[in-house]
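The values are calculated or read from the model by the stated rules, or taken from the named source; none is laboratory data. Fair warning: this is a prediction, and the values are worked out from it, not measured in the lab. Note: ideal-geometry Cβ built from the backbone for every residue, glycine included; neighbour counts use all protein chains shown. Note: accessible area is taken over every heavy atom of the protein model, side chains too, but ligands, DNA and RNA are not part of it. Shrake-Rupley method; radii C 1.70, N 1.55, O 1.52, S 1.80 Å.
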Amino acid sequence: MSKSILIKDTYILNPLSPSKVEVFKSSILIEKGVIAGIGDYDYADIVIDGKGKVTLPAFVNCHTHIPMTLFRGVVEGLETMDWLKVVWRIEENLTSNDIYWGALLGCIEQALTGIGVFIDMYFMEDIVAKAATDVGLNIVVSEGIIDINDPSRGEEKIKQTVKYARELPLKYNGKVKVMFAPHSLYGTHRRTLETIAQLSKEFGLKVHIHVAESLRELDFVRRNYGTTPIRALDRLGLLNERTVCAHSFYVDEGEIDLIGRRKASVAHAPVVIMKHGLKEAPVVEYIEKGVLVGLATDGPGSNNNLDFLEEMKVAALLYSYESKNPQKLTVQTVIWMATKAGYDITGFKGGLVREGYPATLTILNFRKPHLTPLHNIPSHIVYAAKGEDVDTLIVNGELIVEKGKLRKVDVEKAMDKVNELYRDLLGRSGFKPRLNGAPVEVKCKQTYM
Ligand SMILES: [Zn+2]
C-alpha cells in the first residue's frame, strides 16, 4: 500500500491553457497515487511543509535520448549532420550495460530537475524503461530506427517495438508507454516508414520522429521525396494525431497549417537549436493553429544538461530574441508547454493539480534569494528558478525526490559507473578523453548525405 502524503499550505499552480495559469494557496492530500483532495487537511503518513513552496504538475520532457549522458561533451562544435555521423560511429560500440547506466544517470538528473515523465528515443529501450522505473519516472519508450541502408534492420526494430507495446506497459504497471520511432526521413528507409504508418493506425501507437531539423535534411528530402519534410511525412501517411514531430523548425506557413490540420504534436528543444546554430521554431504560430507543443531537452550529448527550468527560460528568451517581440511567447505558455501539453502528447493523464488526477507533482522551493520577493510566480518559474530549486518530485503518488535528494537510487554509484564506462566506450571507438577539450575533434567535409 502506498503511503498517503499531505503537502501542507503550498502555493498551487495549474496550467489551465496556453494563455492562463491559476495560482492559489491550499493543501494537497494524496492517497493511492492520486490527488484525493485539495483543501484543509491535517493528517497523512507523510507531511511535507509547503510553506514558501510552489507545487505544480511535474515537468514532461517530450524528446530526449537519455542514455547519451555518456556522450556529454564528447562531440562538440559540429553541424547537426556531421555531429550525428560521429555519434552513430561511437554508438555502434554501446553495450547494454552502457545503456543502463547512462540512462540511469540521465533519469537521476531529470528527477532532480523536476521531470516526472519523458519520451525517450534510443536503442535497447527495454533497458531504458528499467532505468527510468528504477528511478521512479514515467517513460514513453521509442526504439530508434536507423536503417536507410538496410531496411531489414527496420523490420526487426518494428517487431521489437510491437513486442515492447505488448509487454512493457503491463510489466511496469502502466508506468511505461510505447511509440514507434523512425529516426528521421534521412535515417529511415521509405519502406520502413510506410510499414510504420500502417501499423501505427492498426495498433493506435504513436510515432515519434525527428523532422524539419536541418537544411541538409531539407535537401535530402527534396531529392528523395520531391517535397519538404512535413509534406513528405503527410504523403507517407505519417502526419496525424498520433505523430510527435521532434524539432520541426524548418517549416513554411503551409506546413505549420498542415501540422495543425492533421493534429500532430511538436517537441520543441530550444537549447539545442541555439547550440547548433539552427532556427527558432514557430512555437506561437503552432499553438495558434491548435498544435500541442511540448518542451524538450533533446539528448544530454547535445544539450548538454537536462535542467528543465533552464530549458523553459531559454524557450522564452529565444523566441523573444528571434521575433523581436517579448510579448508573443508568454511565461504562461512556456509553463503550459513544460507541463500540460506534455501530458497530452505522451498520453499519461496529468498536467493539473486537481482532485482525481494522478499525483505526479514537482515542488519548487521559493525560499531562495533569487526567488524573492515571492510574487508573480509564473515569471519566477520561467525566468528566475533553476533546476536545483526542485525540492520534491512525486510520481504517481510515490516520493521520488525529497528535499532535493533522490530516494530510490545511489547517485554516487551511478556517477562512478558512468565515469568508468564512458572511458571504455571512447576507447573502443578509438578516442581518448581529455580534460582540456572534446575527445572527438573531427573535421567533417561539408558533403551532403
Ligand atoms: Zn533528438
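Taking the C-alpha atoms only, the angle from helix 151-171 to the longest principal axis of the chain is near 20 degrees.
Write down the percent of antiparallel bridges among all DSSP beta bridges whose residues are both part of the range 195-348, to the nearest 5.
Details: 0 of 11 bridges.
That works out to approximately 0 percent antiparallel.
Can you classify the range 59-346 as rounded, prolate or oblate using the Cα gyration tensor, where a ≥ b ≥ c are the square roots of its eigenvalues, rounded means a/c under 1.5, and otherwise it's prolate if a/b beats b/c and oblate if not? The shape class here is rounded. In the chain, the DSSP-assigned H stretches of four residues or longer account for a calculated mean residue ellipticity at 222 nm of -11500 deg cm²/dmol, using -39500 (n - 2.57) per stretch and the full residue count as denominator.
Looking at the chain, send over the antiparallel percent of its DSSP beta bridges, to the nearest 5.
Expressed as a percentage, antiparallel bridges in the chain total about 45.
The charge dipole of the range 140-211, taken about the Cα centre with unit charges on the Cβ atoms of Lys, Arg (+1) and Asp, Glu (-1), comes to about 280 debye, rounded to the nearest 20.
For the range 59-346, what is the accessible area per residue in Å², given a 1.4 Å probe and the full set of protein chains? Please list the in-between numbers first.
Details: 9570 Å² over 288 residues.
Averaged over the residues of the range 59-346, the accessible area is 33 Å².
Structural descriptor for the range 1-106: relative contact order 26 percent, calculated from alpha carbon pairs under 8 angstrom and at least 6 residues apart.
For the chain, the longest principal axis of the alpha carbon atoms and the long axis of helix 253-262 meet at an angle near 60°.
Rounded to the nearest 10 degrees, the inclination of helix 96-112 to the longest alpha-carbon principal axis of the chain is 40 degrees.
So which of LYS53/LYS175; LYS25/LYS405; LYS313/LYS386 end up more than 21 Å apart, counting from Cα to Cα?
Numbers: LYS53/LYS175 27 Å; LYS25/LYS405 25 Å; LYS313/LYS386 9 Å.
LYS53/LYS175; LYS25/LYS405, as the Cα separations exceed 21 Å there.
Nonpolar atom fraction for the chain, defined as the carbon and sulfur part of the 1.4 Å probe accessible area, stands at 50 percent. Near THR161: Cβ cut-off under 9 Å, other residues only, Lys/Arg at +1 and Asp/Glu at -1. The net charge is +1.
Peptides 420-431, 112-123 ranked from most to least packed by the mean count of surrounding Cβ atoms within 10 Å: 112-123, 420-431. Relative contact order for the chain: 22 percent, from Cα pairs under 8 Å spaced at least 6 residues apart, divided by residue count.
Net charge dipole, the chain: roughly 260 debye, given to the nearest 20, about the Cα centre with Cβ charges of +1 for Lys and Arg and -1 for Asp and Glu.
Less than 12 Å Cβ to Cβ from LEU278, Lys/Arg counted +1 and Asp/Glu -1: what total charge do the surrounding residues give? Walk me through the intermediate numbers first.
Values: positive: ARG216, LYS275, LYS279; negative: GLU79, GLU213, GLU217, GLU280, ASP298, GLU322.
Around LEU278, the surrounding residues sum to -3.
Computed packing ranks the peptides 210-221, 376-387 as 210-221, 376-387, most packed first, by mean other Cβ atoms within 10 Å. With a cut-off of 10 Å between beta carbons, the residues surrounding TYR250 carry a summed charge of -3, where Lys and Arg count +1 and Asp and Glu -1. Candidate cross-link partners of LYS163 among the aspartates and glutamates, defined by an alpha-carbon separation under 13 Å and a same-chain spacing of 8 or more, comprise GLU125, ASP126, GLU143, GLU155. May I ask for the distance between the Cα centers of the range 31-68 and the range 135-199, given as a whole number of Å? Spelled out, the Cα-based centre of one part sits 30 Å from the other. The range 266-293 and the range 3-22 have Cα centres spaced 26 Å apart. If you average the alpha carbon positions of the range 333-389 and of the range 90-121, how far apart do those two centres end up, in angstrom? When both Cα centres are located, 22 Å separates them.
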